[in-house]
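Data first, discussion second: the structure below is written as structure tokens.
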Amino acid sequence: MTTLADPVPGGRPGDVERAGALSDELSGRGVHGIVLAYVDTAGIARVKTIPTAKLASAAAWGVGMSPVFDTFLAGDSIVTTDVLGSPDGDLRLYPDLDLLVELSAQPGWAWAPVDRITQEGERHPACSRTFLRRTVLEAAEQHDVIFKASIEIEWAVAQPPGPEGEFVPAVSGPAYSAARQVELGDCAADLLAALARQGVEVDQFHPEYAAGQFELSVAALDPVAAADRSVLVRQTIRAVARRHGLAVSFAPAVLGQGVGNGGHVHLSAWREGVNLHAGGDRRHGMRPEAESFAAGILTHLPALTAVTAPSPASHLRLRPSQWAGVFTAWGRETREAGLRVVTGMAGHRAEAANLEVKPVDLAANPYLALGCLIAAGLHGLTSGARLPQEITGDPAHLGAQDAAARGVRRLPTSLAEAVEEFRTDEPLRAALGPVLADAVTAVRRGEVDAVAGLDDDQVAAAYRWKY
Ligand code: GLU
Ligand code: MG
């Protein structure tokens, strides 16, 4: 389990001594610098780095960084809210030492996720990692549930882009093909080795559907660690590819048309060591709490897309019949539903059963995405919500009557529409708190303005190399 305690001025108990010992050990192994990483509201991983010798000082007093990044857009311009976006103020970045890892594909470097607190030692209300930690902690305290989560990663491998930023896939073999596996074989083997050395448990790796696309899935962890892992794995994929002279894009849509890159979230709720998604008497073995949790996510899905699919490019991916799950529908192993119930194999369900949320991509801040999904699920759990009738097949082909009977709605078709859904979703806003909720609204509106007048190909090009 990830440490759920907030950082404190002077350091969390024991952290300074531990950081001192760690920095000696890392220095002895030739690690010169430590990357301190967090993800901003727009979904960009932002970093500061410190020499390894400064780790103990960072554990005690943090490292300074402006709060302005909370209202940065993916393209680095800045919007404002009534409290964020000004040049004033400073925050302190505190590394989570439990998650510190030596970067295998970047010799000389280690990496750690950070929480951000104020110079007064208070929580920063726009720190997304703090938001997720608090959400997980409250779920345990108030509902006696804990979660396991993992985020799938899809990306395109390309030749390094020229000045026009064009996309030239680095491989040409068919989807899921042995040919494509061979084309990327050396690079992929290095990736698996780097992840293993970093202690990342990989479940699967395969060539995917779209041009140059691959996918990697990792084992489930507690939600904070799962979000951290998503950031670390992408840093590693990027670094390994670069060592092979290749570029990568995690953008939701690399091109204006066709299948995009998803970042599906797998999530399960557990109580007293029991998986609530298996062994119950509700549909497909769900226990009542799991059904209500799933129903909460389904109800809030239109508003959630403002958090889980936050880029204008997300809406190039979110099209029917591309396995991106663009309807408020659920079904067992239904890959076109927004919510896919995964039961796992007979005999393995108590460990494996979970929910997969499809309309999520890797432009999403993983801390915000997981925190909001959990908050939505808990809202359903508290009210004892029930799932509507399930679907089979592609909801795009359901007749109007069938769709209505199952509560099947198309998710927002633009970021502007998604923000409007989000703005009026009180439970989600309450979970985030006003500062973070306003930052989400302002940043999304900023992105909408940034692409005004662009066609689909231009939108894809604008975000292709940002994520
Ligand atoms: N690439 C698809 C997406 O955008 C997902 C394909 C799959 O189910 O793995 O979500
Ligand atoms: Mg996939």
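The values are calculated or read from the model by the stated rules, or taken from the named source; none is laboratory data. All of these numbers come straight from a predicted model, not from anything done at the bench. Methodologically, a virtual Cβ is constructed for each residue, glycine included, from the backbone with ideal geometry; neighbour enumeration extends over all protein chains shown. Only protein heavy atoms, including side chains, enter the accessible area calculation; ligands, DNA and RNA are left aside. Shrake-Rupley method; radii C 1.70, N 1.55, O 1.52, S 1.80 Å.
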**Request:** Just give me the residues in region 384-422 being among the aromatic types (F, W, Y) and in a loop (DSSP other than H, G, I, E, B), in sequence order.
**Result:** none
**Request:** Would you check if R18 is out of contact with any Phe, Trp or Tyr (no Cβ under 6 Å at 6 or more places or on another chain), open to solvent by 50 Å² or more (accessible area, probe 1.4 Å) and in contact (Cβ under 8 Å) with a residue 24 or more places away in the chain?
**Result:** yes
**Message:** Out of D76, D40, D82, D70, I need the residue that is under 26 Å from A306 (Cα atoms), buried (at least 22 other Cβ atoms within 10 Å of the Cβ) and of a type in the set (D, E). Which one?
**Reply:** D70
**Request:** Considering every residue within region 210-221, establish whether at least one is open to solvent by less than 30 Å² (accessible area, probe 1.4 Å), within 15 Å of ligand 2 (Cβ to nearest atom) and farther than 12 Å from W155 by Cβ.
**Result:** yes
**Fill in**
The residue that is farthest from A363 (Cα to Cα), considering only those in region 230-259 that are open to solvent by 10 Å² or more (accessible area, probe 1.4 Å), touching a strand residue (DSSP E or B) at 6+ places or on another chain (Cβ under 9 Å) and within 15 Å of ligand 2 (Cβ to nearest atom), is V259
**Asked** In the set R92, R129, R134, R123, which member is away from ligand 2 (no atom under 16 Å from the Cβ) and farther than 26 Å from A363 by Cβ?
**Response** R92
**Prompt:** Would you say R243 is of a type in the set (D, E, K, R) and more than 30 Å from A193 (Cβ to Cβ)?
**Reply:** no
**Asked** Here is a list of conditions, (1) open to solvent by 10 Å² or more (accessible area, probe 1.4 Å); (2) of a type in the set (F, W, Y); (3) touching a residue at least 40 places away in the same chain (Cβ under 8 Å), and F205 meets all of them except one; can you say which number that is?
**Response** (3)
**Request:** Would you check if there is a residue in region 364-374 being modelled with pLDDT of 95 or more, within 19 Å of V265 (Cβ to Cβ) and polar (S, T, N, Q)?
**Result:** yes
**Message:** Looking only at strands (runs of 3 or more DSSP E) that lie completely in region 44-160, which have at least 3 residues being within 30 Å of A194 (Cβ to Cβ) and not polar (S, T, N, Q)?
**Reply:** 45-51, 91-95, 109-118, 146-151, 153-158
**Prompt:** Which ones in region 350-373 are in a helix (DSSP H, G or I) and over 13 Å from the mean Cα position of the chain (by Cα)?
**Reply:** A350, E351, A352
**Message:** Consider region 275-327. How many of its residues are among the polar types (S, T, N, Q), within 14 Å of ligand 1 (Cβ to nearest atom) and assigned to a helix (DSSP H, G or I)?
**Reply:** 3
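What residue, among those in region 278-291 that are touching a Leu at 6+ places or on another chain (Cβ under 9 Å) and open to solvent by 10 Å² or more (accessible area, probe 1.4 Å), is farthest from ligand 2 (Cβ to nearest atom)?
Residues of region 278-291 touching a Leu at 6+ places or on another chain (Cβ under 9 Å): 282-283, 286-291.
Still in the list and also open to solvent by 10 Å² or more (accessible area, probe 1.4 Å): 282-283, 287-289.
Details: R282: 28, R283: 25, R287: 28, P288: 31, E289: 29 Å.
Ranking the qualifying residues of region 278-291, first place goes to P288.
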**Request:** Can you tell me which residue within region 188-202, out of those that are open to solvent by 50 Å² or more (accessible area, probe 1.4 Å) and more than 20 Å from the chain's Cα centre (by Cα), is nearest to ligand 2 (Cβ to nearest atom)?
**Result:** L192
**Request:** All but one of (1) among the small types (G, A, S); (2) surrounded by fewer than 21 Cβ atoms within 10 Å (Cβ to Cβ); (3) within 29 Å of A442 (Cα to Cα) hold for A324, so report the exception by its number.
**Result:** (2)
